[in-house]
1. Please find the FRET efficiency linking Glu12 to Asn115, where r is the Cβ-Cβ separation and R0 is fixed at 35 Å, and quote it to the nearest 0.05.
2. Semi-axes, largest first, in whole Å: what does sqrt of 5 times each Cα gyration tensor eigenvalue give for segment 11-81?
3. Rounded to whole Å and sorted largest first, what semi-axes of the equivalent ellipsoid does the C-alpha gyration tensor of segment 1-139 yield via the square root of 5 times each eigenvalue?
4. What nm distance separates the two modelled labels at Thr169 and Ile206, each placed 7 Å from Cα along Cα→Cβ?
5. Assuming R0 = 35 Å, can you tell me the calculated FRET efficiency for the pair Glu122 and Ala227, based on Cβ-Cβ distance, to the nearest 0.05?
6. With an 8 Å cut-off on Cα pairs and a minimum separation of 6 or more residues, tell me the relative contact order of segment 206-275 in percent.
7. If amide hydrogens are placed 1.01 Å from N in the peptide plane, which non-local residues have theirs closer than 5 Å to the one on Phe183?
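Please treat every number below as a calculation from the coordinates, not as lab data. From a predicted model like this one, the values you see are computed outputs, not experimental measurements. Cβ atoms come from the backbone with ideal geometry, glycine included; neighbour counts cover every protein chain shown.
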Amino acid sequence: MGEDTKQDEAFEPIRLLVDYALIGKNCSIFVYGATGSGKSYTMTGGEWKHFGIVQQTIIYARIRANAIPPLKNFKVSCTMIQLYKSQMTDLFRSEEDPILALNLVYYNNMITIQNAIQVQPEDFLEPGGDERLIKVVNRGLDNRMMRSTDINEASSRSHLLFSIVFEHTDPKSGRKIVGKMTFVDLAGSERVARIVLTEFLYEEAIFINESLKYLAYVIRRLVDGRAPELINYEYHPLTCLVRDTLGGTSKTLVLVNISPSIYDMEATMDTLRFAEKTGRVKTQSGLITVNEEQLNAWDTFKANEEFRARQFAISVDYQNTAAFESLIL
């Protein structure tokens, strides 16, 4: 992908991961790169709310779940967590909600965040269900910690983790099928020497780089062929939060963002080295004994056309400006 890549083109490799999640797999999508390289724009559309891969996943998942035959007893639940200086914050929490400590529980190959608000739209499959969920997600994104630096006017100073869990029933066996997707918008990797430092920025950069170091540790162990149960994910909250979607039989996609500026050459090389390392991770081959006919019994071309039409209709409803005219079509 190049600098002229549109948002819907960036979403193309995500479609298969949505399908994996709908048949019971766990998946993770990371965006990684230096400050100002466009990570948040790719993941969530950035401050302009142009549809990123999170919003497009919501639209596509609703279309898939409504395929013929539709998925039985289909449910969706979402959480949105900010990790700022190693502290977890629930971005779905409103001012009226009580402030409760967030605790991580790992059980049955799934991370659960105790006391986190779970958005569970009962009308997700109904007309407009994806649009309503996207509005809730965008409100959560507005609560994220941002700060201006000399490199980026609106720099994400925290890691964002948005998780969406799909649940439905296999009509043949009656077994409950659960799949999870975790979207990780990583705070910008940066060399401290490049920033005009304030006390806040220096402290934030130290925490950001420390968390990325522990993520790199887990990835190195996976590259070395270590079984996930032998890797210490507990070193850092970031790796704890992605434990169920990174390694093992889960599928992981890393979108690497780099800047074309010669000023960012050093950061670009660091980013590409990280990408090369993650590309060598091998996951285990797990067999999934579910009814995959449901996900294949539909016309792919028509579904894609419906997806694009639905995506455009929602975006126009959000902001009726010329900016959206070239975004989707």
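1. Working from the Cβ atoms, E equals 0.45.
2. For segment 11-81, the ellipsoid semi-axes come out as 26, 13, 11 Å.
3. 23, 22, 16
4. Label-label distance for Thr169 and Ile206, simple model: 5.4 nm.
5. 0.35
6. The value is 24 percent.
7. Those qualifying (amide H under 5 Å, at least 5 residues apart or on another chain) are Ile29, Phe162, Ser163, Ile164.
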